[in-house]
Amino acid sequence: QLRLVESGGSLVQPGGSLRLSCAVSGFTRNYDIIGWFRQAPGREREGLSCINSSDGNTHYVDSVKGRFTISRDNAKNTVYLQMNSLKSEDTAVYYCAAAAHPRDRCSDFSDYYDYWGRGTQVTVSS
């Protein structure tokens, strides 16, 4: 019912910026909650941020708060993750995910989400 495609990942220098996009297609009306996750080698998948695409409410974990900003363009069915002041520790595959109605609050738990993108690689290195 839903497809999510991440894009925008690349190699970037420490201190640099990237904007990731999550394009959502299919029956989008019932999927208000979009989350961003990442997974680095040898580590568990980590929730970063989420947004309620209907009312714009957002949530961030401490590791990215103040550096990352989540936003949405509902007309384009796209959610963005603006990443600033990138560190080597941010190197990971980044995923977006969608949670179905009636879920209407953000969550950092993977099991909360119903559909996932394939991920986009972000590498922060000199």
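The values are calculated or read from the model by the stated rules, or taken from the named source; none is laboratory data. No experiment lies behind these values; they were computed from the predicted model shown. Every residue, glycine among them, receives a Cβ derived from its backbone with ideal geometry; neighbour counts consider all protein chains shown. These area figures cover heavy atoms from the full protein model, side chains too; ligands, DNA and RNA do not enter into them. Shrake-Rupley method; radii C 1.70, N 1.55, O 1.52, S 1.80 Å.
Are there chymotrypsin sites (Phe, Trp or Tyr not before Pro) in the range 42-111 that DSSP puts in a loop and that have at most 15 other Cβ atoms within 10 Å, and which ones? Kindly include the intermediate steps, with their values, before the conclusion.
Numbers: sites: Tyr60, Phe68, Tyr80, Tyr94, Tyr95, Phe109; in loops: Phe109.
Answer by residue number: Phe109.
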Ser53's amide H: which non-local residues (gap 5+, or another chain) put their own amide H closer than 5 Å, with H modeled 1.01 Å from N in plane and none for Pro or chain starts? Ile33, Ile34
Please compute the contact order of the chain in relative form: average sequence separation of alpha-carbon pairs under 8 Å and at least six residues apart, divided by the residue count, as a percent. 37
Over the range 1-41, with the other protein chains present, what is the accessible area per residue in square angstrom, probe 1.4 angstrom? 52
Treating only Lys and Arg (+1) and Asp and Glu (-1) as charged, each at its beta carbon, one finds that the range 4-126 has a dipole about its Cα centre, in Debye to the nearest 20, of 240
PRE zone check, label point 7 Å out along Cα-to-Cβ of Ser54, amide N under 20 Å, scope the range 16-30, hits 24-30
Could you tell me how many cubic angstrom of Cα convex hull volume the chain has per residue? 91
